[in-house]
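> Take this structure, written in structure tokens, and hold onto it; I'll ask about it next.
The values are calculated or read from the model by the stated rules, or taken from the named source; none is laboratory data. Every value quoted in this text rests on a predicted model; they were computed, and no experiment measured them. All Cβ positions, even for glycine, are placed from backbone atoms using ideal geometry, and neighbour counts span all protein chains on display. Protein only, heavy atoms only, side chains kept; ligands, DNA and RNA dropped before computing areas. Shrake-Rupley method; radii C 1.70, N 1.55, O 1.52, S 1.80 Å.
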Amino acid sequence: MSARTGQLVAALALVALGTGAALAQSRGGTGTGRYTAEQAAAGAQVYAINCAMCHGARMEGRGEIPPLTGRFVANWAGRPVADLFAYVSRAMPQHAPGSLAPEQNAHLVALLLQANGVPAGARELPADEAALQRITFDPPGPAL
Amino acid sequence: MQQTAFIGQAATRRRLLGGALMAGGALAVPGLVRGQVLGTPSLVPMRLSPDQLVDMKCCLRPLRAAGPNLGTESVGGKLVVHNYGHGGSGWSLSWGSAEVAVGKALASLPRSVAVVGCGIIGLTSAVVAQRYGLDVTIYARDQIARTRSFRASGSYTPGSRIALVEPAGPQFPDLWEQMARHSWRMFRTMLGLPGEPVRFGDSYAVSDAPIERRTWPADPAITESFATAGLPRQNSEFAHLDSRIADIVPQAVPLPPGENPFGMPYATRSSQMHFNFPAYAAILLDEFFGRGGKFVNRVFHRPGELADLPEDVVIHATGYAARDFWGDRTVIPVRGQTGWLVPQPGVNYSLRYRNVSALSKGDGIVIMNNNPDLGDMLGVGDSMELPNRAPIEEAMATLAAIFARSAGAAA
Ligand SMILES: Cc1cc2nc3c(=O)[nH]c(=O)nc-3n(C[C@H](O)[C@H](O)[C@H](O)COP(=O)(O)OP(=O)(O)OC[C@H]3O[C@@H](n4cnc5c(N)ncnc54)[C@H](O)[C@@H]3O)c2cc1C
């Protein structure tokens, strides 16, 4: 495959990902490193204490409770990260909804992005719904 | 006879005409309720050893203070008809509630409707809409077998944690009665179908003391209520409506000693309607897809997203999830859990003793352990949706002891 056809394939793949991904590019998607590895690591600690008992140590879920990888991407990708942040902030952990601080929720979202194949980067994920409205959850997509 | 003892066996044997039948005929096969001609009914005892426990389920009843939301509103040009918040009565009120919701949808003369949610409420609404000739697409995160509806216990309990008296107001009991009666009638159209999606079974309650209906007078020492605390604070706040349909729903009758199959001093029996979840869901899904229904796996994050749907009318049936999705804080979680034993086809009855019960259905024997002193308040405000094994094993042991005692008394 020449460099040019390679580019073409990549461009087509982007189109194939649909309007979500195209929108993501214009508004700033998670594909470009929108959280830090440190945030995700902090998120893992919050997760272990507040979420793992229900969603599982490997985010695999259980009968009652949805997994946070796999079909999770289909449920949340292509939309502003604000939706996910707001949901986790409002509704989780389910037995004590709304009990975590905004920073903790941002760390959890960073962890969820990382667990679903979104690359970390140099910019911190803001703990602010309005700012997160401008960042779209890019699906990691098929390995190109 | 070397088989498992039947409860009430000795008495039955004495009374049976033509005792020769008992020697080795079909009637003596374990696992079958023995035929009986007058006298103490003999029951196959439930097998309640810990090895039989194959599943535990935990679930949140979506108690909505004012009763189920069946209101309408407009979102982005769509007519949204709500159908959520059925407390501990979602299965029992499903047909009646769907009839009301679909009726409101039909009034706007749509050709097609979207149903959001595929628990018992969403799926029933979808099928009812199809029966009125509409094209229906269900949008939901999960299909019925993965929803909270499949984590219920499965009997006709239309008045269970359905509303709080004060917020529900004086009109609600009539609406409830209409939904409960319509549902009952619809369930009866499903009796005897292959797989027995709906079935009646005998329901026994046993006791060491005479059995009386427990009442919950308001406790004046409790000054908080839903109005001040956002949660009910005592049993008397709950609507108790079952007496309105006592003319059609079998009520418990005390059993005289000769008819009491258990080795317990007091017993009552009633007939209870129950639902076999897998068989029931299969029938509804077959009808839904058979009539050309479509299912789309989709999660909605904000109510505004409903505006993107191609259908002009949306029936909203997300159950407990509506608390967050629609921001309805009057939906109160009421936690409950069940243990599931291997099905025992020869056992078609349920047994309750104090706080514990076992209900035999086609899809398993359902074990519950509900503190009687808490009544409707048990689990209120608790959204910890993980099962806890100890109370289930304790219930199994308590009931196993009753069967041991009954077998001893019968011998
Ligand atoms: C222990 C226990 C025992 C019970 N026993 C009985 C009984 O014996 N008899 C009885 O009548 N009732 C019983 N109930 C009550 C009954 O389980 C509920 O009333 C009923 O399940 C409510 O059904 P539903 O369809 O409204 O909600 P659910 O079953 O929760 O279905 C909700 C649907 O909405 C979907 N959904 C949710 N959020 C979204 C979203 N954002 N986007 C897309 N889809 C979404 C879900 O995936 C699902 O498909 C019991 C409850 C408990 C907890």
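> Regarding B:Phe226, is this residue more than 13 Å from the ligand (Cβ to nearest atom), at pLDDT below 95 and not basic (Lys, Arg)? Break it down stepwise before answering.
Details: more than 13 Å from the ligand (Cβ to nearest atom): yes; at pLDDT below 95: no; not basic (Lys, Arg): yes.
It is false that B:Phe226 is more than 13 Å from the ligand (Cβ to nearest atom), at pLDDT below 95 and not basic (Lys, Arg).
> Restricting to the range A:101-114, name every residue that is surrounded by fewer than 20 Cβ atoms within 10 Å (Cβ to Cβ) and hydrophobic (A, V, I, L, M, F, W, C).
The answer is A:Ala101, and nothing else.
> I'm checking my understanding of the structure. Among residues of the range A:38-63 that are under 27 Å from A:Ala130 (Cα atoms) and open to solvent by 50 Å² or more (accessible area, probe 1.4 Å), which one is nearest to the other protein chains (Cβ to nearest Cβ)?
Once the filter is applied, the top-ranked residue is A:Gln45.
> Let me ask another. Confirm whether B:Gly319 is at positive phi and within 23 Å of the chain's Cα centre (by Cα).
Values: at positive phi: yes; within 23 Å of the chain's Cα centre (by Cα): yes.
For B:Gly319, the condition - at positive phi and within 23 Å of the chain's Cα centre (by Cα) - is met.
> While we're on this one: Being buried (at least 20 other Cβ atoms within 10 Å of the Cβ), touching a strand residue (DSSP E or B) at 6+ places or on another chain (Cβ under 9 Å) and on the phi < 0 side of the Ramachandran plot, is that true of even one residue in the range A:126-133? Explain how you work it out, then say what you get.
First, the residues of the range A:126-133 that are buried (at least 20 other Cβ atoms within 10 Å of the Cβ): A:132.
Narrowing the set further to residues that are touching a strand residue (DSSP E or B) at 6+ places or on another chain (Cβ under 9 Å) leaves A:132.
Of the ones still in play, those that are also on the phi < 0 side of the Ramachandran plot are A:132.
Yes, the conditions are met somewhere in the range A:126-133.
> Still on this structure, please answer the following. Would you mention how many residues in the range B:159-201 are touching a Gly at 6+ places or on another chain (Cβ under 8 Å) and assigned to a loop (DSSP other than H, G, I, E, B)?
Matching residues across the range B:159-201 total 6.
> Please work out if A:Gly78 is within 14 Å of chain B (Cβ to nearest Cβ) and in a loop (DSSP other than H, G, I, E, B). Spell out how you get there, then give the answer.
Values: within 14 Å of chain B (Cβ to nearest Cβ): yes; in a loop (DSSP other than H, G, I, E, B): yes.
Spelling it out, A:Gly78 is indeed within 14 Å of chain B (Cβ to nearest Cβ) and in a loop (DSSP other than H, G, I, E, B).
> Looking only at the range B:375-391, which residues are touching a Leu at 6+ places or on another chain (Cβ under 7 Å) and not charged (D, E, K, R)?
B:Val380, B:Gly381, B:Ser383
> Check the range A:64-75 and report whether any residue there is free of Cβ contacts under 8 Å to residues at least 40 places away in the same chain, over 22 Å from A:Gly29 (Cβ atoms), away from chain B (no Cβ under 11 Å) and open to solvent by 20 Å² or more (accessible area, probe 1.4 Å).
Looking for residues that are free of Cβ contacts under 8 Å to residues at least 40 places away in the same chain, over 22 Å from A:Gly29 (Cβ atoms), away from chain B (no Cβ under 11 Å) and open to solvent by 20 Å² or more (accessible area, probe 1.4 Å), one finds at least one in the range A:64-75, hence yes.
> Can we say B:Asp308 is under 30 Å from A:Asp83 (Cβ atoms), within 16 Å of the ligand (Cβ to nearest atom) and out of contact with any Lys or Arg (no Cβ under 8 Å at 6 or more places or on another chain)?
Against the criterion (under 30 Å from A:Asp83 (Cβ atoms), within 16 Å of the ligand (Cβ to nearest atom) and out of contact with any Lys or Arg (no Cβ under 8 Å at 6 or more places or on another chain)), B:Asp308 qualifies.
> While we're here: For the range B:295-411, give me every one of the strands (runs of 3 or more DSSP E) that falls completely inside it and has 3 or more residues that are open to solvent by less than 40 Å² (accessible area, probe 1.4 Å), within 14 Å of chain A (Cβ to nearest Cβ) and within 25 Å of B:Asn276 (Cα to Cα).
So the answer is B:331-341.
> Which is away from every other protein chain (no Cβ under 14 Å) and within 22 Å of B:Trp340 (Cα to Cα), of B:Tyr132, B:Tyr156?
B:Tyr156
> Might you check whether a residue that is within 14 Å of chain A (Cβ to nearest Cβ) and either open to solvent by less than 10 Å² (accessible area, probe 1.4 Å) or in contact with a Lys or Arg (Cβ under 7 Å, 6 or more places away or on another chain) (or both) occurs anywhere in the range B:277-293?
Within the range B:277-293, one or more residues are within 14 Å of chain A (Cβ to nearest Cβ) and either open to solvent by less than 10 Å² (accessible area, probe 1.4 Å) or in contact with a Lys or Arg (Cβ under 7 Å, 6 or more places away or on another chain) (or both).
> Here is a further query. A:Gly63 versus (1) at pLDDT below 95; (2) under 16 Å from the mean Cα position of the chain (by Cα): which is the lone unmet condition?
Going through (1) at pLDDT below 95; (2) under 16 Å from the mean Cα position of the chain (by Cα) one by one, A:Gly63 breaks only (2).
> So, of the residues in the range B:192-209 that are within 18 Å of B:Val347 (Cβ to Cβ) and hydrophobic (A, V, I, L, M, F, W, C), which turns out to be surrounded by the fewest Cβ atoms within 10 Å (Cβ to Cβ)?
Applying the first criterion (within 18 Å of B:Val347 (Cβ to Cβ)) to the range B:192-209 yields B:195-196, B:198-206.
Narrowing the set further to residues that are hydrophobic (A, V, I, L, M, F, W, C) leaves B:198, B:200, B:205-206.
Details: B:Val198: 22, B:Phe200: 17, B:Ala205: 21, B:Val206: 24.
The extreme case among them is B:Phe200.
> Please go through (1) free of Cβ contacts under 8 Å to residues at least 60 places away in the same chain; (2) outside any helix (DSSP H, G or I); (3) among the β-branched types (Val, Ile, Thr) for B:Thr228 and return the number of the only condition it doesn't satisfy.
Looking at each condition in turn, B:Thr228 falls short on (2).
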